Amino acid sequence: MEGAAQTLLSNAGELLSSEYQQLRGVGGQVVELRDELDAINALLIMQSEAEDGAVDRFLQVCMRQLGEVAYDAEDCINLYTLRIRSRPTDGVRAWLGRLLGTLPSRRRLACEIRALRSRTLAISERQARFGVNRDALRRSPPLLPAPMTVSAPANDADRRHRLVGIAEQADKLAARLKAPVGDEGERKAVFSIVGFGGLGKTTLAMEVCRRLEAEFPWQGMVSVSQAFEPSRDLKVLLTNLLRQVVKPETADDRGIKEEAALGAIDDLDDNGLAKRLEERLVDKRYLIVIDDVWSVRAWEAIQSKLPENNKGSRIILTTRIEIVANACSPASFSALCIHKMEPLKLEDSKKLFVSRVFGSMDVAYPKEFEDVMSNILKKCGGLPLAIISIASVLVGYKSPGGKDKWDRVCKSLGSQMEIHPTLEGMKHIVTLSYNHLPHELKGCMMYFSIFPEDYVIRKGRLLKRWMAEGLVHQKRGLTMWEVAESYLDELLSRNMIEEAGHLGGYAWKEQTYRVHDMLLEVMVSKSLEANFLSLHGGQYKGMLYDKIRRLSIHADVESLDFVAKRNVEGLRGEDNLNIQHVRSLSMFQLHGQHKVLKTLGNFVLLRVLDLEDCEGVTNKHVRYACNLYLLRFLSLRATNISKVPRQIGNLEHLQTLDLVDTQLTGLPKTVTKLEKLEYIFFSNKDDYWETYWTMPQGINKMKALRVLRGVSLGNDSKVAQEVGEVEELEELTIFIDINKAIDAEVVKELAQSISKMHSLRLLTIGRHGTSDDGGVKILNFLHHLPTPPRLLQTLWITGDIANGLPSWIGSLAHLVSFSTVYTTLTGDELFGIVCMLPNLKTLYVDWDCYRGDELVARSSHKFPVLGHLELGGYLPKVIRFEEESMSMLEMLKLRFDYRSIHMAERSIVGIEHLTNLKKVMLDSRCDYHALVDTVLEQMKAENDRRSRSNQFQIAVKYW
């Protein structure tokens, strides 16, 4: 809650500096209010950092009351900004008219400020009257400064650490899965892994799958979660399962996998998806993991859609509930089919703890830690999540002087795990891990409670929401994004969150994250206790709240209608709901029309409006959103909106505008009035590569822009010049329409502009359209950039360029990823330019990029760190790797598209020189088997020549 006070201090400061003269008598009261809030903020931070157990229940109540005062004060300031503020366009007459017309509002503001100060004084007097000593909030200074960023273990090491104590259980369970199950013979059987949260059920299931890849080549894993509702969620589950299951090459026993075409599945219902799944698996030996099942009803709904066969297929189900496990597996074989998770033995607990704190389970550590370590591990009860949570708290205190910190942590654990050796004890330990976070990270961690269980969260979405909510605080020398990234890295290093893979591809690949369900439970509890968040729908249906600060709605139509009706009518009955203080509105898993969307205009203090994936959002709802003057974050991603009104220009505080995968074909010119806008994301879901927003004149007024994705350059030299005046731009994705006549002066100005973009990190530039005239060489201007953006890390060029790639690409010392499409290069025009780049790790070459008969990576083409090479489209007849050309290459992907139908045989020469190769992926249309066969046989032959430890995985994917 201290974040609210900190944000308010900056708001009050802005108010004082820009509006003091208008406030007159109110100004002095705002100064006093600011001083009060400064003190509140200090107290809230002290409470956040106080020793465990130092803050009693009464003082916690007082601190919460002060936090509510901070929230209300911020609302007061924001309402002033909304109703009383002057506009930049106001003349003298308008200014005087507003001054006189807002006198009642000023008086009301003055009364509200006095009331807020009175509430603060009353809380202070109440503390004094009951004899509360503020010294209780003081915390002993840490013996050693905990580092802000702690290096996370490497992937391989991290996997070994996670499997401490799990490997033996994985061996036993894998053996059971391979053996026949009673009279069922070769029919599918269901195995259950049961145990409370934090024991490692999911880790065990994943490891068993990895060990049984040879016996069960068709595998998939889906999460269910506590909020699973078959009528709503079964389609998503079956779709995810279909996308994972792979079809192997049955004639081959070398682990070569081949994925069949899925066909169109997005429009299928549950029964259609189940039928498609049965078609793919009816005669296959599959292994499917259904993770985190909470009810027999959920299991029965899922089981009814899984295919039957007589190939000895297996299903692994993980659950916390023994009743569910017993219902899933045959009663007569429960001893065989139900695996009860075992806590780690003391020796394994110690290995896991030491590896997390000191970086390696074999490292020598100070012996003075031995006794306190044993006590800590005893109280963790052999729970991996508990051990990891406590180890993450102590990782900054591993020198001899840190023993006092270990003693304090051990003492704070108390005997919870001994008294409650299951759920409550586990929650206590996770809570302790949260309590030891730096105060600036606590709000960021609680923020995950907004998202549903098992929800995968994109990095950009999360960090931009943090910033819009005021949870990220300025640090000298760093941008707000960099500070937010440091917060995220710290949470990762403390194992509070985990990476969940990447979404997207090429230049726009984005990391995603999720939170362990046990941690999410604790965060939801903390958020509700602090009134940080109000949850509606699903399992939170019927919960009552007083003042709602952040509202998150989870897939419940009845609850949505209830909230909307009660709040719009301003009723405060037994539900006691009130939306006038809501600053964040998020909606998840919602389909169809919902009344709450019609009330958007009533959320006057809203800063964050996130409607991603909400099917019921219409253009009318966008008009409502455009009246939310204080809005900072607006996401309409993956909705069906087709028009944004000109009133979008009224959102002068907007920082993020996400319009990816919509039906939009453009934006109104008024968007250039958004001078605080930092991020614009635009794309059309039906015409992703051809429909862009054509930039209007006035783009240079958007000085705060950092990311401009999905724009087109019209035939306007002034716009081409203005885009170079956006000095903070870090990412630009811009295309030129070759269906229009583009003057030479326009692209010349664009070249000048790109040269001025000194902050640019990512550049995607190309042409779009279908013209066959001289426009196809429109990108020739890239040869004439006065100076390239020297800090570029990602570059994507799509379109033909005469005389090969621009030579300046070879000077981009920071370039990590390079993609090129439709550039029709020959000879050494491709590899010869980029081969010496010191940081180039990924290279994508696709769609008629290369037109020669032979593509050669020469010995002189060193590629010092290149790890991923992808070649697609019209592949040359021969791809040759000379010795030492790509010695660091780990992944080679070849993609055969529709143009490949006229190809003769293709061959890969010199694959033996790729000594670090880990995987080869052959990607092709499902009817092009003949084109793949030659390359496939070459890969097999090379693997036969290699030692077993140096072989690479081969996969064939059809689409």
Between Glu300 and Asn715, what length in nm is gained on full extension when 0.36 nm per residue of separation is reduced by their alpha carbon distance? 143.4 nm
At 7 Å along the Cα-to-beta-carbon direction for both Ser949 and His758, put a label point, then send me their distance in nm to one decimal. 5.2 nm
For region 652-776 the mean separation of alpha carbon contacts under 8 Å (6+ apart) over residue count, i.e. relative contact order in percent, is 21 percent
Under the rule a/c < 1.5 gives rounded, and otherwise a/b versus b/c splits prolate from oblate, where does region 756-875 land using the Cα gyration tensor? oblate
Can you put Tyr286, Tyr822 in order of accessible area, largest first, using a 1.4 Å probe? Tyr822, Tyr286
From the cross-link list Lys509/Lys673; Lys718/Lys756; Lys669/Lys748, which pairs have alpha carbons spaced over 18 Å apart? Lys509/Lys673; Lys669/Lys748
Suppose all protein chains stay in the model; what accessible area per residue would a 1.4 Å probe give for region 259-409, in Å²? 42 Å²
Any idea of the accessible area per residue across region 633-719, 1.4 Å probe, to the nearest Å²? 36 Å²
At most 16 other Cβ atoms within 10 Å and a DSSP loop assignment: could you name the trypsin sites (Lys or Arg not before Pro) in region 457-536 that fit? Lys475, Arg476, Lys509
Assuming a ≥ b ≥ c are the square roots of the Cα gyration tensor eigenvalues, decide whether region 724-769 counts as rounded (a/c under 1.5), prolate (otherwise, with a/b larger than b/c) or oblate. oblate
For region 280-288, in residue order, the Karplus 3J(HN,Hα) values (coefficients 6.51, -1.76, 1.60; θ = phi - 60°; whole Hz; Gly and Pro = x) are 7, 10, 4, 10, 10, 8, 10, 9, 10
Distance check, please: which entries in Lys178/Lys345; Lys541/Lys643; Lys862/Lys940 exceed 29 angstrom between their Cα atoms? Lys541/Lys643
Taking square-rooted eigenvalues a ≥ b ≥ c of the alpha carbon gyration tensor, is region 660-714 rounded, prolate or oblate, where a/c under 1.5 means rounded and, failing that, a/b exceeding b/c means prolate? prolate
Given labels modelled 7 Å from the Cα in the Cβ direction, how far is it in nm from Thr618 to Gln647? 1.5 nm
At 0.36 nm per residue, and after removing the present C-alpha to C-alpha distance, how many nm does the segment from Glu745 to Ala364 gain when stretched out fully? 130.4 nm
Relative to the present Cα-Cα distance, how much length would full extension add between Met543 and Glu347 at 0.36 nm per residue of separation? 66.1 nm
With a Förster radius of 45 Å, plug the Cβ-Cβ distance of Glu690 and Arg64 into 1/(1 + (r/R0)^6) and report the FRET value to the nearest 0.05. 0.25
Taking r as the C-beta separation of Gln697 and Ala802 and R0 as 35 Å, the FRET efficiency to the nearest 0.05 is 0.70
Could you calculate the FRET efficiency of Glu884 with Thr826 from 1/(1 + (r/R0)^6), where r is the beta carbon distance between them and R0 is 22 Å, rounded to 0.05? 0.40
Among Gly714, Leu830, Thr820, the residue whose Cα sits farthest towards the positive end of the charge dipole of region 711-841, when +1 is placed on the Cβ of each Lys and Arg and -1 on the Cβ of each Asp and Glu, is Leu830
Which trypsin sites (Lys or Arg not before Pro) from region 313-392 combine a DSSP loop assignment with at most 13 other Cβ atoms within 10 Å? Lys345
Tell me, what ³J(HN,Hα) does each residue in region 70-76 have, in order and in whole Hz, if you take phi through Karplus 6.51 cos²θ - 1.76 cosθ + 1.60 with θ = phi - 60° and put x for Gly and Pro? 4, 4, 5, 5, 5, 4, 4
GluC sites (Glu not before Pro) in region 276-322 lying in a DSSP loop, each with at most 13 other Cβ atoms within 10 Å of its Cβ, come to Glu308
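The values are calculated or read from the model by the stated rules, or taken from the named source; none is laboratory data. Keep in mind that what you see is a predicted model, and the values were worked out from it rather than measured. Methodologically, a virtual Cβ is constructed for each residue, glycine included, from the backbone with ideal geometry; neighbour enumeration extends over all protein chains shown. Surface areas here come from the heavy atoms of the whole protein model, side chains and all, with no ligands, DNA or RNA. Shrake-Rupley method; radii C 1.70, N 1.55, O 1.52, S 1.80 Å.
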